[in-house]
Every structure is written in C-alpha cells, then in structure tokens.
Amino acid sequence: MPNTEYLKIPKERIGVLIGKDGVTKEHVENMTNTELDIESETGSVTISPTENMEDPLGVWKTRYIVKAIGRGFSPETALKLLDDEFILEIINLQDFVGKSKKAILRQKGRIIGREGRTKEIIKEMTNVDVSVYGKTVSLIGDMERIQIAKEAVEMILEGIRHKTVYSFLERKKQELKRKEFENIVIKD
C-alpha cells in the first residue's frame, strides 16, 4: 500500500499507544484518518492511510505521534504534533556520553534534576514538553522554542553548571517575550 509507514517503539510503550480497551489507538486513528496495526510482541507499528484521509501528511504526522509515545510522552502530549507548528526533536544521549550505562544514567539525572526540577524549569522557560526516556531526551514544541530547549539540554550534557543553564533560559525567555510583544505592536 502506498504511503504506509513502519516503525518500532519499545515494547513497554505499546500498552500506552493502545490504551485501555484500545481507546488511545482508536483516538489516534480517528484524529489522523490512519489505521494502526500494532504487533505487541515486537513493538512494530504499521501506519496506513484510510480511504477518507484528507491530510496528505496524515501518515507522516501519525508516525511522529507514535514515535513520541514510544519516547515516553503521554498520548495527549504526542497529539500536539497534529498542529503544524509543533515538531518532535530527539536527542540521543549516546551521542554525548557514548554507550556507558553509568554515564547515560548520570546525564539523565542531571537533565531531570532533583525531584524533576531541572526538567520542569526547561519546560516552564521554553514552553516545550520534555521526556527523558531510555537513552534519549525528547522535546515537543515549536521550532524556535525547541532550539532553545535543545541548547539547554546540550549545555547540561556538556557539563555546564545548572545555574548557568537557568540563566541562559531566563535570558532566552525574555527575548521571546520581547519578540512576541514587538509582533503585537507591529500588527496593531
């Protein structure tokens, strides 16, 4: 079938994708006019268009929704990817620390922070959803804000002190506010 996509997600995330009594799977299918064929044993997902698909990018968008759920996001957060403004960015921790499980665990801890505080600060300052799962850090948001959140995560991965990262985020947040204000003023 043309336009069919295939991908794998972690087996332990299949239940989240399907949802209680198949409700999540059905909701994703209805929202995207696609059909999901999920192989629970392997984590394989086949995404096919339905006959009444209106959005030619429906299968492609669904791929990213499924991928986001596979990377630890809730289905509600993953469905934000239906909005053309939102994208999914995945940072592979192995690109920064190699394959050492200890190093990956340590960096995940630095990104999450004590009681989840660092992750929460990144989310609040950039308005980007953050998921730390497996060997990845994933981000959902608009392009400009994702770039800021990604830079903050990479700063942490490079060993930069949290205080410095928070200052960077505060500065970027002010720049975004100023830009939004200027856009409002120009439109008026």
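The values are calculated or read from the model by the stated rules, or taken from the named source; none is laboratory data. What you see is a predicted model, and the numbers here were worked out from it, not measured in a lab. Every residue, glycine as well, gets a Cβ built from its backbone with ideal geometry; the counts of neighbours run over all protein chains shown.
At-a-glance table
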read-out	value
Pair list, Cβ under 6 Å, 6 or more apart: the range 9-33 residue in contact (Cβ under 8 Å) with a residue 12 or more places away in the chain and on the phi > 0 side of the Ramachandran plot, other residue crowded, with 16+ Cβ neighbours inside 10 Å and assigned to a loop (DSSP other than H, G, I, E, B)	N33/M53
Hits in the range 117-131 (condition: buried (at least 21 other Cβ atoms within 10 Å of the Cβ) and β-branched (V, I, T))	T118, I122, T126, V128, V130
Tally, over the range 140-171, of residues that are surrounded by 18 or more Cβ atoms within 10 Å (Cβ to Cβ) and over 20 Å from the mean Cα position of the chain (by Cα)	1
Residues located in the range 46-57, provided they are buried (at least 20 other Cβ atoms within 10 Å of the Cβ) and of a type outside the set (V, I, T)	P49
Condition check for D95: over 30 Å from G159 (Cβ atoms) and either surrounded by fewer than 14 Cβ atoms within 10 Å (Cβ to Cβ) or more than 21 Å from the chain's Cα centre (by Cα) (or both)	no
Top-ranked residue in the range 141-161 [being without any contact (Cβ under 8 Å) to a residue 12 or more places away in the chain and outside any helix (DSSP H, G or I); ranked as nearest to S100 (Cα to Cα)]	G159
In the range 29-45, the residues that are assigned to a loop (DSSP other than H, G, I, E, B) and surrounded by fewer than 15 Cβ atoms within 10 Å (Cβ to Cβ)	S40, E41, T42
Residue among E54, E29, E41 that alone is modelled with pLDDT under 95 and over 28 Å from E85 (Cβ atoms)	E41
Count of residues meeting criterion [closer than 11 Å to V66 by Cβ and loosely packed, with under 12 Cβ neighbours inside 10 Å] in the range 1-28	1
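So that you can scan it fast, the table gives a plain yes or no per residue for (1) over 28 Å from L17 (Cβ atoms); (2) of a type in the set (V, I, T):
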| position | (1), (2) |
| --- | --- |
| L82 | no, no |
| S100 | yes, no |
| K135 | no, no |
| R145 | no, no |
| G159 | yes, no |
| T164 | yes, yes |
